[in-house]
């Protein structure tokens, strides 16, 4: 029996919106943006403190705000937005009401309460244990409790997503297989369940340890299980933002995947193997065997990387196929030149795709290789890499889809459209700079999570090469640029919601357009040549091979074998 | 019988390959997606750590 609920069809896009799902999408997305603003502002201060000549924060504030930056930007903003994506990919794309909306609201409030508690504990100054909170560093018990409450809320939201899939199947709102975007969101939800369960396994005893009920937490045991949560949480992001790449390709171009089966298999590789890549954080731990490390990284992780490379080929390939069908057939790249580069939905998404692959993907494989990982393990290279995956990859994608979603959800026109046109470029350039310059400094040995890059307080002095300080200064400038881009995004979103010109209701006689079939149905684009995409893929592979062997050369120099 | 009827009948009795059925079952995928990393990453890793000999002085 279907339960009646209020819903609407968007007059511009033809998308279905269940009333409760729509409210939850709005609240989760807006709350996420608030935490992005907070976490992003702390991030700019990090970049300015690492800039040797500026060095803006004292040590205690540096570690305090680094903890808050990691939590807010890496977890809270992204998981809130991912909840919005899950509700969109299930209720809206499958045209069904949201299952158990009261539970979904409970999940939302738990996430918010948990995030606020943890933030307050960090800002009070007695929980500066970094995002990873490795024992024996001990935070206030409420720090751990806040994260646990947040995770429980996220788990509830994830199960509401699964319930909505069941409801859609029962009510036969789709035929055959799940649409690819929803399948990608399902991948994110599956990884979320493992992530949250792993978090509970390790954070509950850590909470009891901080309360004094458990005497000892083994640091290696903690690190191993914590990373099952810490790294997998970033794999939720990857699955979610790749799904949105397909969604944006479908919305903007009406693009269908080159081969739906191949794209689906790539998501299946994520489900099977992506979470095992957590092991690359433990590649220098002496207590774990090479067999464990190499199986989880150099075998399993590479299959997940293969999944990402498939998506990296099929998303631009699907866009090229759709553009060529429209007649943009001149040369290799007319389809790309004639793409809507002034539309922030497309420009943000495409820059995200390129930077995720070239900067985040290639360097991720380097760090996942046991031998060459040692060159940059625990250096600034690591945050350089994950700023390419999480910030350039996920955050930029989420920003891009917001330019589509916020006007649709709030029925308002975009505020400051001129700024919106430039915002993805400003932010993208800033983030690319952060990523490249941190990795460059890391390659020269600059340690991560270290306030004193001049070693002024160290008993034994040490000097990084002068180039490292130059890269840290460039990182600071890039941080300012990214901060400007991030602030612009928040201003545009808040302005659109509060002051954007209201869209008039379309007359009842005028039917809403049918949504793009590529969004709602499974299916492939059919046989169409995509030579431009294959040239881009070959450039990517060439860069990948070159950079991989350059790092082996670096390793040979570390061992003084050259 | 028209060719349209034939097609409809074929559709009803269409054999769905095993992999397709697996991909269409979210809860089977959830099971695999949780069991794989639990066995290969967590259990294997925890067993290795738990079997490290304790140092003696």
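The values are calculated or read from the model by the stated rules, or taken from the named source; none is laboratory data. Remember, it's a predicted structure, so these values are computed and weren't measured experimentally. Note that we place each Cβ from the backbone using ideal geometry, even for glycine, and neighbour counts take in every protein chain shown.
Out of the helices (runs of 4 or more DSSP H) lying entirely within region A:295-390, which hold 3 or more residues that are at pLDDT below 95 and surrounded by 18 or more Cβ atoms within 10 Å (Cβ to Cβ)? Full working, then the answer.
Details: elements: A:302-325, A:334-337, A:344-355, A:362-367, A:370-376, A:381-386.
Passing ranges, in order: A:302-325, A:362-367, A:370-376.
If you take the residues of region A:221-257 that are crowded, with 23+ Cβ neighbours inside 10 Å and not in a helix (DSSP H, G or I), which of them is nearest to the other protein chains (Cβ to nearest Cβ)?
Going through the qualifying residues, I end up with A:257.
For region A:444-454, state whether one or more residues are in the same structural domain as residue A:491 (by TED's automatic domain parsing) and under 19 Å from residue A:352 (Cβ atoms). Break it down into steps so the answer makes sense when it comes.
Going residue by residue through region A:444-454, those that are in the same structural domain as residue A:491 (by TED's automatic domain parsing) are A:444-454.
Remaining after also requiring under 19 Å from residue A:352 (Cβ atoms): none.
Within region A:444-454, not a single residue is in the same structural domain as residue A:491 (by TED's automatic domain parsing) and under 19 Å from residue A:352 (Cβ atoms).
Filter region A:261-294 down to the residues that are part of a helix (DSSP H, G or I) and over 23 Å from the mean Cα position of the chain (by Cα), then identify the one that is nearest to the other protein chains (Cβ to nearest Cβ). If you could, list the steps in order and put the result at the bottom.
Restricting attention to region A:261-294, the residues satisfying the condition of being part of a helix (DSSP H, G or I) are A:261-282, A:290-294.
In the following step, the residues that additionally are over 23 Å from the mean Cα position of the chain (by Cα) were identified as A:261, A:290-294.
Numbers: A:261: 9, A:290: 11, A:291: 9, A:292: 6, A:293: 9, A:294: 12 Å.
Here the residue is A:292.
If you take the residues of region A:440-474 that are in contact with a strand residue (DSSP E or B) (Cβ under 9 Å, 6 or more places away or on another chain) and part of a helix (DSSP H, G or I), which of them is nearest to residue A:386 (Cα to Cα)?
Checked region A:440-474; the qualifying residue nearest to residue A:386 (Cα to Cα) is A:442.
What do you reckon, is residue A:201 touching a residue at least 24 places away in the same chain (Cβ under 8 Å), within 11 Å of chain B (Cβ to nearest Cβ), assigned to a helix (DSSP H, G or I) and surrounded by fewer than 24 Cβ atoms within 10 Å (Cβ to Cβ)?
Criteria met by residue A:201.
Are any residues in region B:29-57 in a loop (DSSP other than H, G, I, E, B) and either within 10 Å of chain A (Cβ to nearest Cβ) or surrounded by 12 or more Cβ atoms within 10 Å (Cβ to Cβ) (or both), and if so, which ones?
Quick first cut of region B:29-57, residues in a loop (DSSP other than H, G, I, E, B) only: B:51-57.
Across region B:29-57, the qualifying residues are B:51, B:52.
Is region A:124-139 home to any residue that is touching a residue at least 60 places away in the same chain (Cβ under 8 Å) and either in a helix (DSSP H, G or I) or outside the structural domain of residue A:181 (by TED's automatic domain parsing) (or both)?
no
Find the residue count for region A:156-176, including only residues that are within 11 Å of chain B (Cβ to nearest Cβ) and under 26 Å from the mean Cα position of the chain (by Cα).
7
Would you confirm, using the coordinates I've provided, whether residue B:26 is within 8 Å of chain A (Cβ to nearest Cβ) and free of Cβ contacts under 8 Å to residues at least 40 places away in the same chain?
yes
Exactly one of these conditions fails for residue A:194: (1) without any contact (Cβ under 8 Å) to a residue 60 or more places away in the chain; (2) within 24 Å of the chain's Cα centre (by Cα); (3) within 13 Å of another protein chain (Cβ to nearest Cβ). Give me its number.
If we test residue A:194 against (1) without any contact (Cβ under 8 Å) to a residue 60 or more places away in the chain; (2) within 24 Å of the chain's Cα centre (by Cα); (3) within 13 Å of another protein chain (Cβ to nearest Cβ), just (1) comes out false.
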